[in-house]
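In what follows, a structure is listed as structure tokens, so that the remarks can point back to it.
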Amino acid sequence: MSKVPSGPRIDLTFNDGQIDGSAGCNGYGGTFQAIGGAITFGQIRTTQRACHKPVMAAETAYLRAFEGSTAYMASSTTLRLTGGAAHLSFTASRAQ
């Protein structure tokens with residue numbers, strides 16, 4: 001299992017059929033549809049900032065993982081997305 005390099009903030013927010021967040025360097029957004037344990041994502045849009053190569057590589061891999069994600073498992077504190085180029089795992093944080 002790969003980990004995100006320390007430093008960049010990667011997050012994901014769901015709201016009314018939309019996702020958005022920070023991919024480490026760039027902001028991103030798109031649409032999603034979740035029914036039962038299945039999930040699909042529409043085209044992901046990003047801003048176009050350039051950052052250090054390791055951050056950009058992690059960002060590219062992260063965003064690619066949304067392509068083909070087909071299943072999710074959620075609890076009160078975690079979300080796991082599977083079936084894509086990589087499995088993603090998120091831990092809820094307190095709102096700031």
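The values are calculated or read from the model by the stated rules, or taken from the named source; none is laboratory data. Remember, it's a predicted structure, so these values are computed and weren't measured experimentally. Here the Cβ positions follow ideal geometry from the backbone for every residue, glycine too, while neighbour counts run over all protein chains shown.
Can you give me the number of residues within the stretch 40-78 that are in a strand (DSSP E or B) and touching a residue at least 24 places away in the same chain (Cβ under 8 Å)? Steps first, answer last, please.
First pass over the stretch 40-78, keeping only residues in a strand (DSSP E or B): 40-41, 45-46, 71-74, 78.
This time we only want the ones that are touching a residue at least 24 places away in the same chain (Cβ under 8 Å), so: 40-41, 71-73.
So the count comes out to 5.
Scanning the stretch 79-92 for residues being touching a residue at least 12 places away in the same chain (Cβ under 8 Å) and of a type in the set (S, T, N, Q) gives a total of 2. Where residues in the stretch 2-20 are at pLDDT below 95 and within 12 Å of Phe90 (Cβ to Cβ), which of them is surrounded by the most Cβ atoms within 10 Å (Cβ to Cβ)? Step by step, filter the stretch 2-20, then rank; the result is Ile10. Condition check for Thr77 on (1) within 18 Å of Gly24 (Cβ to Cβ); (2) modelled with pLDDT of 90 or more; (3) surrounded by fewer than 17 Cβ atoms within 10 Å (Cβ to Cβ): one failure, at (1).
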